[in-house]
Amino acid sequence: MNNTLQKYLPELAVAPCFELIKTHGVHLKIVNHRVTRHGDYRRLPNGLHQITVNASLNKYRFLITLVHEIAHLVAFEKYGRRIKPHGTEWKRTFQHLMVPFIRPEVFPAQLLPIIASHFKNPKASSSTDARLSIALKAFDEEERKNSYVYELPQGCIFRLYNGKLFKRGNKKVKRYECIELSTGRLYLFQPNAEVELVK
């Protein structure tokens, strides 16, 4: 397991992550890329705790995702199964578990202030924090082919990974109003949503 983790985590995060996995009896599965999620936690019918994390994540997003999912397990065990999945108890647990990793030996200097800011009030997904998501994306191995919604000119047409076409509208507080061309329905997009510019 240690050797496997070395491939996916920053070097100095391997041993503490391995300890978390052992201590909490986690069955870790590293899976192919899923567009809709970075990872997930499930308690299996036999009582085992299974965490899956996408193999395609860079080392820093992998670490945050792994600890995010372990925080679900720990919070449920400590506070019971009736808590909200991303409620106060989970946030406190996630913050507590991440503290040992938020240091320059683990994360690059340019990420540290953004990560520290994120963990003042962690979101349900690192992708919903646009600033953190964009900062983490800079460490992806493959070159980004798509555009972020916030980079597109107003009124342009773009395509999602599922082929649906949208027209970019105005920014409303933090998100962008976009109209699906086939239905005329209005959707709100995070600024860091990756899309393909059509025209």
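Would you check if there is a residue in the range 77-89 being assigned by TED's automatic domain parsing to the domain that holds P16, among the hydrophobic types (A, V, I, L, M, F, W, C) and modelled with pLDDT of 95 or more? Break it down stepwise before answering.
Initial filter on the range 77-89 (assigned by TED's automatic domain parsing to the domain that holds P16): 77-89.
Narrowing further to those that are among the hydrophobic types (A, V, I, L, M, F, W, C): 83.
Right, trim to modelled with pLDDT of 95 or more and you get none.
No.
Could you tell me how many of the residues in the range 121-140 are part of a loop (DSSP other than H, G, I, E, B), out of contact with any His (no Cβ under 6 Å at 6 or more places or on another chain) and under 23 Å from F158 (Cα atoms)? Please lay out each step first, then the result.
Going through the range 121-140, the residues part of a loop (DSSP other than H, G, I, E, B) turn out to be 121-125, 129, 138-140.
Filter once more, keeping what is out of contact with any His (no Cβ under 6 Å at 6 or more places or on another chain): 121-123, 125, 138-140.
Checking which are under 23 Å from F158 (Cα atoms) leaves us with 138, 140.
Going through the range 121-140 one residue at a time, the tally reaches 2.
Conditions tested, residue by residue: (1) assigned to a strand (DSSP E or B); (2) at pLDDT 90 or above; (3) closer than 27 Å to I115 by Cβ.
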| site | (1), (2), (3) |
| --- | --- |
| E142 | no, no, yes |
| P153 | no, yes, no |
| R168 | yes, yes, no |
| K171 | yes, yes, yes |
| I179 | yes, yes, no |
| Y187 | yes, yes, no |
| V195 | yes, yes, yes |
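Going through the range 63-105 one residue at a time, which ones are part of a loop (DSSP other than H, G, I, E, B) and over 21 Å from L9 (Cα atoms)? I'd like the intermediate steps shown before the answer.
Taking the range 63-105 first, the residues part of a loop (DSSP other than H, G, I, E, B) are 80-87, 102-105.
Scanning the range 63-105 gives G80, R81, R82, I83, K84, P85, H86, G87.
Looking at the structure I just gave you, is P191 surrounded by 13 or more Cβ atoms within 10 Å (Cβ to Cβ) and in a loop (DSSP other than H, G, I, E, B)? Write out each step before concluding.
On the way: surrounded by 13 or more Cβ atoms within 10 Å (Cβ to Cβ): yes; in a loop (DSSP other than H, G, I, E, B): yes.
Criteria met by P191.
Could you tell me which of the residues L63, L73 is modelled with pLDDT of 95 or more, under 17 Å from P122 (Cβ atoms) and over 16 Å from the mean Cα position of the chain (by Cα)?
Result of the check over L63, L73: L73.
Residues of the range 1-52 being over 26 Å from T128 (Cβ atoms) and hydroxyl-bearing (S, T, Y), which ones?
Within the range 1-52, T4, T23 meet the criteria.
Evaluate the range 42-56: report whether one residue or more is within 20 Å of E141 (Cβ to Cβ), modelled with pLDDT of 95 or more and buried (at least 21 other Cβ atoms within 10 Å of the Cβ).
yes
Quick one: in the range 1-19, which of the residues that are in contact with a strand residue (DSSP E or B) (Cβ under 8 Å, 6 or more places away or on another chain) and surrounded by fewer than 18 Cβ atoms within 10 Å (Cβ to Cβ) is nearest to E141 (Cα to Cα)? Show your work before the answer.
Our first condition is that a residue be in contact with a strand residue (DSSP E or B) (Cβ under 8 Å, 6 or more places away or on another chain); within the range 1-19, this holds for 1, 4, 8.
Okay, now just the ones that are also surrounded by fewer than 18 Cβ atoms within 10 Å (Cβ to Cβ), so 1, 4.
Details: M1: 23, T4: 18 Å.
Going through the qualifying residues, I end up with T4.
Whether any residue in the range 39-58 is outside any loop (DSSP other than H, G, I, E, B), more than 19 Å from the chain's Cα centre (by Cα) and among the small types (G, A, S) is what I want to check.
Step one: list which residues in the range 39-58 are outside any loop (DSSP other than H, G, I, E, B), which gives 39-43, 49-54.
After this cut, where a residue has to be more than 19 Å from the chain's Cα centre (by Cα) as well, the list is 43, 49.
Filter again for among the small types (G, A, S), leaving none.
No, the range 39-58 contains no residue that is outside any loop (DSSP other than H, G, I, E, B), more than 19 Å from the chain's Cα centre (by Cα) and among the small types (G, A, S).
Do the conditions hold for R43, that is, is it of a type in the set (D, E, K, R) and touching a Phe, Trp or Tyr at 6+ places or on another chain (Cβ under 8 Å)? Can you show your working first?
Details: of a type in the set (D, E, K, R): yes; touching a Phe, Trp or Tyr at 6+ places or on another chain (Cβ under 8 Å): yes.
Yes; evaluated as a whole, the condition is true for this residue.
Could you list, ordered by first residue, the pairs with Cβ atoms under 8 Å in which the first is in the range 77-101 and more than 23 Å from P16 (Cβ to Cβ) and the second is of a type in the set (F, W, Y), at least 6 apart or interchain?
Pairs found: I83/F76; I83/W90; K84/W90.
State all residues of the range 155-166 that are in contact (Cβ under 8 Å) with a residue 40 or more places away in the chain and assigned to a strand (DSSP E or B); if no residue qualifies, say none.
The answer is I157, F158.
The values are calculated or read from the model by the stated rules, or taken from the named source; none is laboratory data. Note that the structure is a prediction, hence the values are computed from the model and not measured. As a convention, Cβ positions derive from the backbone with ideal geometry for all residues, glycine included, and neighbour counts pool all protein chains shown.
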